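The values are calculated or read from the model by the stated rules, or taken from the named source; none is laboratory data. All figures in this text were calculated on a predicted structure; none of them were measured in a lab. Heads up, the Cβs are rebuilt from the backbone with ideal geometry, glycines too, and the neighbour counts pull from every protein chain shown. Remember, those area values only see protein heavy atoms, side chains included, never the ligands or the DNA or RNA. Shrake-Rupley method; radii C 1.70, N 1.55, O 1.52, S 1.80 Å.
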Amino acid sequence: MRLYYDPLSTSSRPILMFAEEHAVPLELELVSLIEGAQKAPAYLALNPNGTIPLLEDGDLQLIESSAILKYLADKVGSPAYPLDLKTRARINAAMDWLFGFHSAFGLGFVYPQMLPQYRLDDPAQQALVLEQGLAATERRLDVLDAHMIGPNRNYCCGPELTLADYMGGSIFALADAIGFDLSPWPNVARWVATLKGRPSWVSAHAGFRQMFGQGPAQRAGGQA
């Protein structure tokens, strides 16, 4: 199997973590987002969407991080995606919820601070975008902290690691890039710390941390 990826990509890193922990043999093909390689004609011939990741397995070409994770989990029989229908439904729901969280936190708050293509020229408009993104992020963090993880769960969907945790861990790596303080949400902070303690975290996030490092410390709620 071949994975087209970039370690800077929030949607690529969960697959790297999963593959390492499950010894999934993947031929890695770097598609540099910084160089715009995802828009090169050769790559667009493979994936007209111009997005990563992309998994090739024989005649199968599969896009979307969530779909790739589920396919690989089924292929290797991973306990992170159990066969029980109701358990899978809870995992699927959590993964969809985390995708929505990424829209608020990543697209609405982190990327406008990190990436020039998301930053607005008008300071007032930029400030408004960040204010709205932060408010949406905090509302969702309240739900995640109190109702999804809570004080008694090790992971997003219960006592055991699931695909939702691989996805969530990659999203919350963005917090480090801007120094976003998770201490007001102690259950979320504990969960993220647990994920960072996994051996696969270091290798999967090495390229991301090399590029963005540890952002400046911020007050609770992400305000500089």
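What the table below lists for this structure:
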| item | result |
| --- | --- |
| Solvent-accessible heavy-atom area per residue, rounded to whole Å², over the chain at 1.4 Å | 48 |
| Structure-based [θ]222 nm, the chain - -39500 (n - 2.57) summed over DSSP H runs of at least 4, per residue, nearest 500 | -15000 deg cm²/dmol |
| Probe 1.4 Å, all protein chains present, accessible-area order of Asp6, Asp121, largest first | Asp121, Asp6 |
| DSSP bridge pairs, the chain: antiparallel proportion in percent, nearest 5 | 60 |
| Accessible surface of region 5-65 [probe 1.4 Å, protein heavy atoms]: carbon and sulfur percent | 56 |
| Label-zone membership for region 154-178, site Lys86, 7 angstrom Cα→C-beta point, backbone N under 17 Å | 157-160 |
| Neighbourhood net charge (13 Å Cβ-Cβ; Lys/Arg +1, Asp/Glu -1) for Ile68 | 0 |
| Accessible-area value, Arg90, 1.4 Å probe, nucleic acids and ligands omitted, Å² | 130 |
| Global form of region 59-155, assessed from the alpha-carbon gyration tensor, a/c cut-off 1.5 | oblate |
| Cβ-based net charge around Pro151, under 13 Å, with every Lys or Arg adding one and every Asp or Glu removing one | +1 |
| Accessible-area ranking of Lys75, Lys196, largest first, probe 1.4 Å | Lys75, Lys196 |
| Estimated vicinal HN-Hα couplings, Hz - region 123-135 in sequence order (Karplus 6.51, -1.76, 1.60; Gly, Pro = x) | x, 5, 5, 4, 4, 5, 4, 5, 4, 5, x, 5, 4 |
| Whether the chain is rounded, prolate or oblate, judged on the alpha carbon gyration tensor where a/c under 1.5 counts as rounded | oblate |
| Net +/- balance of residues flanking Ser78 in space, Cβ distance below 10 Å, scoring K and R +1, D and E -1 | 0 |
| Those GluC sites (Glu not before Pro) in region 75-165 that DSSP places in a loop and that have at most 16 other beta carbons within 10 Å | Glu160 |
| The chain - charge dipole about Cα centre, Lys and Arg +1 at Cβ, Asp and Glu -1, debye rounded to 20 | 460 |
| Sulfur and carbon atoms: percent of accessible area, region 72-179 [1.4 Å] | 56 |
| Relative contact order %, the chain, counting alpha carbon pairs below 8 Å whose residues are six or more apart | 22 |
| Probe 1.4 Å - accessible area at Met114, Å² to nearest ten | 40 |
